[in-house]
1. Averaging sequence separations of C-alpha pairs under 8 Å and six or more residues apart, then dividing by the length of chain A, give the relative contact order as a whole percent.
2. Relative contact order, percent, of chain B when contacts are C-alpha pairs under 8 Å separated by at least 6 residues?
3. Charges only on Cβ, +1 for Lys and Arg, -1 for Asp and Glu: so what's the dipole of the range A:57-273 about the Cα centre, in debye to the nearest 20?
4. So for the range B:124-176, taking the charge dipole from beta-carbon charges (+1 Lys/Arg, -1 Asp/Glu), which of B:F137, B:T162, B:G124 sits furthest toward the positive end?
5. Kirkwood Rh over Cα pairs of the range A:153-274 into Stokes-Einstein at 4 °C, 1.567 mPa s: D in µm²/s?
6. Let me know the volume per residue of the alpha-carbon convex hull for the range A:101-225, in Å³.
7. Considering every residue in A:196-204, what mean count of other chain Cβ atoms within 10 Å of its Cβ is obtained?
8. With helices defined as uninterrupted DSSP H runs, which ones in chain B have an alpha carbon span along their own long axis of at least 30 Å and mean Kyte-Doolittle hydropathy of at least -0.5?
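Derivation of every value follows stated rules applied to the coordinates shown; laboratory data play no part. A quick note: this is a predicted structure, and the numbers were derived from the prediction, not measured. Quick reminder, even Gly has a Cβ in these numbers, built from the backbone with ideal geometry, and neighbours come from all protein chains shown.
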Amino acid sequence: MASGAVANHLMKKHGIAAKVGIWIGEAYLPLLTGVFFFVLWEALIRLLNVPRYILPAPSAVFLEFAQHSRLIWYHTLVTANETFVGYAIAVVLGIPISIFVAFSETLQRTFYAAAVTLGMVPTIAFAPLFVVWFGFSFASKMLVVFWVCFFPILINGIFGFLSLSDELRHFSLSTGADRVTTFWKIRLPAALPQVFVGLKGAAINATVGATIAEWIGGNAGLGYYIQVATGDFNMRLALAAIIMLTALGLLLYFLVILAEMKLMPWHESQRERG
Amino acid sequence: MGNVDVKKKWLRGNRITVFYLTLFFILWEGGIRLFEVPMYLLPAPSGIAVKFVQNFPLILKYTWVTGLESFGGFLVSAAWGIPLSLIIAFSIFLRKTLYPFTVALQLVPKIALAPLFVTWFGFGLMPKFIIVFLLCFFPILLNAILGFTSLKKEHNDFALSTGADPLTVFRKVRLPAALPQIFVGLKWAAVNATVGATIGEWIGGDAGLGYYIQMASGDMKMDVAFAIIVMLAFLGLFLYYLVVVFEKMLVPWHVSQRSSVNGMMTMK
């Protein structure tokens with residue numbers, strides 16, 4: 001906390017250079033841990049002569065990545081397409097439905113109860129059914145992504161829109177604001193932090209859903225590519241594809257974080273970022 | 001509001017739930033019969049129930065397999081995650097090095113490693129245990145670290161000022177304060193456990209509910225697939241409520257007095 005305050009002060013005073021300096025000061029230990037981890041990995045593989053079909057060294061993975069970058073990129077675009085479209089549909093449907101549910105007692109008693117139960121159940125279990133229904137096409141993967149993203153968004157959305165205190169609502173209405181204004185100015189901003197919990201959870205689920213759907217019935221995409229590579233005992237290629245998959249997941253996650261920072265700059269999670 | 005009022009409201013609410021749930025199933029059944037929807041598209045609830053009973057011995061057998069994988073992996077990750085979280089929470093060095101690293105690892109789709117485990121360890125129980133372990137380990141570890149590190153400084157100082165030694169302070173103050181957050185992690189992991197086992201069976205399995213779902217849907221036997229998913233749901237709920245029962249035993253104080261950050265629902 002204190003160091004964060006000092007960092008903020010320094011940042012205001014010295015601008016971007018200080019910002020970079022502070023960031024390095026905060027991040028060098030974790031980065032060093034990461035470097036140490038990879039060096040240890042490389043050294044152990046070389047020292048113990050681990051066969052590369054069991055576990056390849058990071059350098060070998062990197063080389064494979066460079067050699068197959070065009071094919072990896074092709075499969076990345078396939079998975080990215082499934083992930084982003086499925087996620088977008090889950091957001092577009094999930095948030096309005098969560099608002100409806102939050103304002104209707106009947107829907108809370110029915111839809112919400114069902115959604116919470118489904119949320120505790122392995123929703124991914126439906127993936128083979130989607131493949132049977134929609135074939136090996138883009139649609140089946142996109143729908144699996146939608147399916148695993150929809151519930152976190154819906155449940156956290158309902159939770160967020162319900163959690164406004166009665167005092168605040170009554171106060172707002174007492175100032176003469178109508179219900180629509182109260183919603184836009186009070187309830188929506190108050191719900192945003194919880195809504196973003198769901199959006200972030202769904203962002204993590206999205207690439208996982210796409211990968212699993214490709215395993216079950218796919219002929220393209222990073223998940224498919226990982227399975228083909230491990231089937232050939234080419235662990236270097238599999239790990240290279242996993243790195244790309246991770247990067248794709250992080251991209252979606254950080255896009256959500258970016259939206260969060262734009263939409264709710266006031267929230268405590270955004271303050272004092274050293 | 002009196003206790004009786006609360007109870008009345010709850011009963012009324014339950015009646016609404018039961019009413020609409022029944023309506024939902026009647027509409028589903030009626031729609032399937034009316035429009036003669038083929039079974040391979042969407043089976044009727046009655047058809048699912050019949051298949052559930054008909055295939056019950058096999059479903060039960062596979063439930064044991066998937067249950068063992070889920071429960072075993074969950075227990076191992078709890079047995080490793082909670083002690084490790086203690087070490088990280090109390091070491092400033094590890095909190096600066098290992099902790100950010102584990103937070104970053106949380107964002108890696110660990111499920112993508114599943115085919116590697118199958119290649120390394122074959123089609124037996126081992127790869128499934130490892131996948132379940134990986135999916136359960138991080139929520140348990142990260143939430144436990146959060147729990148152990150979020151004790152208010154005032155509470156800690158107050159406990160020390162009464163003359164209690166650090167060990168007593170840990171046992172009487174820090175551990176009880178951390179428990180609700182630890183259980184957030186455990187509940188989240190319980191949800192992940194069946195997911196991990198199912199996916200592990202899809203990639204390389206010859207037994208278990210995940211394997212059975214894939215077989216049934218491959219044969220276009222959607223009614224059987226739905227019956228298995230119902231069982232899988234029960235298994236997931238059973239694990240979840242097992243953790244909830246433990247939580248009630250270990251954290252007996254009232255919900256409103258517990259402080260914890262709700263976990264997001266992810267299956268990484």
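1. On the way: 308 pairs, mean separation 72.7, N = 274.
Reported relative contact order: 27 percent.
2. Working: 310 pairs, mean separation 70.2, N = 268.
Here the relative contact order equals 26 percent.
3. Working: 12 positive and 11 negative charges, 47 e Å.
In debye, rounded to 20, the range A:57-273 gives about 220.
4. Value: B:G124.
5. Numbers: Rh = 17.3 Å.
Diffusion coefficient, whole number: 75 µm²/s.
6. Working: hull volume 14.2 nm³, N = 125.
So the per-residue Cα hull volume is 114 Å³.
7. On the way: counts 1, 5, 2, 1, 3, 6, 3, 3, 9.
The shielding value for this peptide is 4.
8. Flagged H segments are B:3-35, B:56-90, B:125-149, B:175-203, B:222-250.
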